[in-house]
Amino acid sequence: MKFRFVQEHRETFRVGKMCEVLKVSRSGFYAWQGRQPSRRIVEDEAISVQVRRAHREAHGIYGSPRIYRLLRRQGQSWGRHRIARIMREEGLRARCMKQFHWISTTRSEHPAAPDLLQREFSSTRRDRVWVGDVTQLRTGEGWLYLAMLMDLHSRKIVGWSTSSTPQQEITLEALTMAVETRRPRPGLIHHTDRGSQYSSAAYQDLLDEYGMRCSMSRPGQCLDNAAAESFFHTLKTEWIYHAHYKTRREARLAIFEYIEGFYNTIRLHSSLDYRSPEEYERLRSAA
């Protein structure tokens with residue numbers, strides 16, 4: 001019955017997709033038709049099992065470039081184009097990008113620092129340049145605000161905090177977490193936008209206490225802090241926008257799972273030669 005359905009609808013649906021949904025094999029379908037499946041079809045079926053597993057383990061986030069890299073790391077030698085074709089046949093794709101609005105931070109009355117990065121978002125050593133920002137996430141209870149700090153060397157999120165309000169405490173907590181976990185030397189460049197949370201006297205005093213050099217984006221130039229905003233885009237595209245959070249507690253848990261359980265430890269970054277931030281730091285420290 002299932003094979004007959006596949007035969008009758010093969011002009012409408014992909015054979016591979018129908019076989020997957022109906023939980024039958026393509027080789028079995030071709031055998032039912034009375035013809036021997038080709039060697040390549042048999043191989044493709046074996047590959048598709050590994051591709052689906054890898055895609056599932058990556059929470060359905062990766063597209064074919066990262067799935068290809070992940071399988072290569074696991075010792076498989078299948079070609080990039082073959083992986084891409086099988087993913088198309090199986091209906092597997094990366095999470096789609098969605099547009100969203102950046103949070104407009106409150107304009108500060110305090111003097112701003114100069115832009116020391118000039119859109120050079122890289123660092124040859126860890127804990128030499130951190131970038132930070134604040135964003136907002138919708139929940140059933142209202143907005144949840146997230147502040148974070150990223151090390152540009154490895155793209156690792158080194159400090160973060162959440163709150164129901166975008167007050168300066170959220171950024172102070174993220175900075176404190178980053179300092180306690182990383183213990184950076186004096187001279188680190190700390191780059192953010194000109195929001196009041198970052199230019200406040202309390203925050204600036206803390207930067208001075210830690211011996212950090214303050215750097216800020218130019219007014220109205222979101223690209224001056226593109227690395228931080230890119231992380232928020234990734235977070236929302238891959239994780240947040242595909243779920244509904246009834247409470248702020250649920251959203252906090254999701255953020256924790258993403259940052260600490262996936263982004264820092266597992267997610268392959270193209271800018272790091274398809275390594276996770278923590279793996280990249282281990283390799284660099286051992287070199």
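The values are calculated or read from the model by the stated rules, or taken from the named source; none is laboratory data. These figures come from a predicted structure and were not determined experimentally. Cβ placement follows ideal geometry from the backbone for every residue including glycine, while neighbour counts extend to all protein chains displayed.
Structural remarks
- Any hit, segment 174-182, residues being surrounded by fewer than 20 Cβ atoms within 10 Å (Cβ to Cβ) and within 14 Å of the chain's Cα centre (by Cα): no
- Filter result (acidic (D, E) and either in contact with a helix residue (DSSP H, G or I) (Cβ under 6 Å, 6 or more places away or on another chain) or modelled with pLDDT of 95 or more (or both)) within segment 148-198: D151, E173, E180, D193
- Residues in segment 267-287 that are free of Cβ contacts under 8 Å to residues at least 24 places away in the same chain and either surrounded by 19 or more Cβ atoms within 10 Å (Cβ to Cβ) or in contact with a helix residue (DSSP H, G or I) (Cβ under 9 Å, 6 or more places away or on another chain) (or both): D273, R275, S276, E279.
- Among the residues making up segment 1-23, those that are part of a loop (DSSP other than H, G, I, E, B), more than 18 Å from V51 (Cβ to Cβ), under 39 Å from the mean Cα position of the chain (by Cα) and not aromatic (F, W, Y) are H9, R10, E11, T12.
Every residue, every condition in (1) farther than 19 Å from F262 by Cβ; (2) not aromatic (F, W, Y), yes or no:
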{"position": "W143", "(1), (2)": "yes, no"}
{"position": "L149", "(1), (2)": "no, yes"}
{"position": "V158", "(1), (2)": "no, yes"}
{"position": "Q167", "(1), (2)": "yes, yes"}
{"position": "M177", "(1), (2)": "no, yes"}
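- Restricting R52, R14 to those that are touching a residue at least 40 places away in the same chain (Cβ under 8 Å) and touching a Leu at 6+ places or on another chain (Cβ under 8 Å) reduces the list to R52.
- Y145 vs. criteria at pLDDT 95 or above, assigned to a strand (DSSP E or B) and closer than 25 Å to G220 by Cα: yes
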